Amino acid sequence: MKYYQPSVTLGLFTLLLFIPVLAYAQQLSGVNQLTFHNAKSNHAFIGNAFLLQYRDKVYALTVKHVLLEANVPDMQSVSIKDHIAQWQISANNADHAPIILGKLLNEDPSEKLDMAVLEKDWLVFEMPQQPTFLTPLLLRRTPIAAGEMLTAVGCTYLNQASCLQNTYTGEFLNKENNNLRVKMANMEPTKLRGLSGSPVVDEYMQLVGIVSNVMKSKSADGFDFAPASTDYLVEVLDRLTAKTKE
C-alpha cells in the first residue's frame, strides 16, 4: 500500500477491527513471488494477490505499485516481460503448489513507473492454469453505501512468519476519485507494510477494491484506509472481453 500524495510510499496499514487468522473458510489471497532474469532482484514476498472470476474467465490481480517496491532501476514502465521471468502467487505458511501467472494483460510500456500508477493501481494477469489453493472472487456491481463494513484479506511483512490470511475491517465513508475512503481507528501504516494487493470485499465477499493507499483523515489526525476502487479494473476487463469477441 502507498501513501496518497498527499502521499509518500508504503505497502501497509491498521484498521477499525482486526480479526486474527482465518475469518473465511476459503483462501482468498496469497503472496506475490517474483523471479527476475537478474536473480539479485528476486522477491519471495512482495505484496499480495488474488483471483477474480469475471464473466467466463478467471484473472489474477495485484497492484501496479508492487513494481515500484521491487526497486529495479532499469524497469522504468509498466512493462515486465524484459525483467521478470516468472510471476507466481504462493500460499504463505501453507503447503500448496504456487499459482504461476500468465501474460500481464494491461502491460503498457508507455506508462511511466512512478507514483502516478496509484491512480490506476491494478495489474491484471492471465490465468493459464486452474485455480489451486485460491477461491476466485466475484465483482460487486452496486454502489457501496456509507457505513458498510469492508474487509481486506492478506498478509503483511510484519506477520509473514505466522500469517496464512488475516482480515482487516473498517467502515466505508465515501468514494473519492479513484479510492474508497474507509475509517479505521489507531491506524499505523508502517505496521501493515506488505498488505498491498490484498482484495477488499464487502460482507458478502464480493470484490469492491484492492489495498493500495492511505489518505489523510478529514475528521481527525491520522489516516484513512484508501483502497483503489474497481473502476479502472472494470475498464480493463471490459476491453479484454471486447477483444475476445472480435
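Using only Cα atoms, find the angle between the long axis of helix 231-245 and the longest principal axis of the chain, and express it within 0 to 90 degrees, rounded to the nearest 10. For 231-245 against the chain, the angle is about 30 degrees.
Note on exposure: Glu203, Glu176 ranked by accessible area (1.4 Å probe, complete protein assembly) read Glu203, Glu176, with the most exposed listed first.
Applying 1/(1 + (r/R0)^6) with r as the Cβ-Cβ distance of Thr241 and Tyr204 and R0 = 25 angstrom yields a FRET efficiency of 0.60.
Rounded to the nearest 500, what is the 222 nm mean residue ellipticity of the chain from helices alone, with -39500 (n - 2.57) per DSSP H run of 4+ residues and division by all residues?
It lands at -2500 deg cm²/dmol.
Take the chain with all the other protein chains still there, run a 1.4 Å probe, and you get 45 Å² of accessible area per residue. In the distance distribution for the stretch 17-109, Cα-Cα pairs more than 16 Å apart total 59 percent.
Projected over all directions and averaged, the alpha-carbon convex hull of the chain occupies 12.7 nm². Of the peptides 73-81, 177-185, the order by per-residue mean of other Cβ atoms within 10 Å, starting with the highest, comes out as 177-185, 73-81. For the chain, with all protein chains in place and a probe radius of 1.4 Å, 51% of the accessible heavy-atom surface sits on carbon or sulfur.
The values are calculated or read from the model by the stated rules, or taken from the named source; none is laboratory data. A quick note: this is a predicted structure, and the numbers were derived from the prediction, not measured. Note that each Cβ is placed from the backbone with ideal geometry, even for glycine, and that neighbours are counted across all protein chains shown. Ligands, DNA and RNA are excluded from the accessible area calculation, which covers all protein heavy atoms including side chains. Shrake-Rupley method; radii C 1.70, N 1.55, O 1.52, S 1.80 Å.
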